[in-house]
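Report on the following structure.
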Amino acid sequence: MKCILITPPYFHTNEIEILKFAFDCRFDKIHIRKPNKNEVVLNSYLSKIPDKIIQKSSLHYYKNVIHQYNFSGFHLDTKTINNILNDKNFETEIKSKQYSASFHFQEKIQEKIKGLNIQYAFCSPVFSSISKENYKPSFEWNIQQSYKDLELIALGGIDHTKIEECKNRGFNGVAILGAVWNKKKWSEMKKELIKIKKECDRLS
């Protein structure tokens, strides 16, 4: 099972250390998601992340910033996908990057990926969110069809106890957010990261 860690939208006190620990635990990917930050603040934050981690990470939102660092991927949220479907220059501009995307309705996946070179997609929320209050699934995600080369990643309400159910529902991996960042102690965050990676490896 693919194992991905997503950063919180805010700046966490232990964030860089957690990213380093997730890298050392051999998480498959890290997603840098910092909405509504100006480029000066964002660059200050990114400059603190070791390049070896940047090379294993995808950036959300900031197309103008991605060329300044060695990011391996660029993430397309629903709004971004809608904006670029008619932008012929978009893939040319960042064609060397691996694309991922976000979907909130299963029936929209095939419709939105047409014409886009997307390798994997976040599907959410699969369970009630840990980090967002009252953010719950409106239907049960259950992947019963193949999307060719597209890997589907479960997101929303996932900790180490939910990974096996995600696999049973047909997902290729999980993305983790609140299960780690909502922990109050650094030691608890590390323990959860270890449990998540072990469970993903067991189910691979």
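Read-outs: derived from the displayed coordinates by stated rules, not from any lab. What you see is a predicted model, and the numbers here were worked out from it, not measured in a lab. Because the Cβ atoms are built from the backbone with ideal geometry, glycine has one as well, and the counts that use them run over all protein chains shown.
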**Asked** Cross-link list Lys97/Lys191; Lys29/Lys136; Lys63/Lys198; Lys37/Lys195; Lys162/Lys185: which exceed 28 angstrom alpha carbon to alpha carbon?
**Response** Lys97/Lys191; Lys63/Lys198; Lys37/Lys195
**Item:** Separation of alpha-carbon centers, region 16-39 and region 138-200, rounded to whole Å
**Value:** 16 Å
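What is the gain in length, in nm to one decimal, between Lys20 and His67 on full extension, counting 0.36 nm per residue of separation less the C-alpha to C-alpha distance?
Numbers: separation 47, 0.36 × 47 = 16.92 nm, distance 2.21 nm.
Here the answer is 14.7 nm.
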**Prompt:** Each label point is 7 Å from the Cα along the Cα-to-Cβ direction; what then is the distance between the points at Asn142 and Lys184, in nm?
**Reply:** 3.9 nm
**Message:** Quick query: amide H of Glu151 versus all other amide H atoms, modeled in the peptide plane; which residues come in under 5 Å with a sequence gap of 5 or more or a different chain?
**Reply:** Tyr120, Ala121
**Message:** Report the gain in length on full extension from Arg169 to Lys191: 0.36 nm times residue separation, minus Cα-Cα distance, nm rounded to one decimal.
**Reply:** 5.4 nm
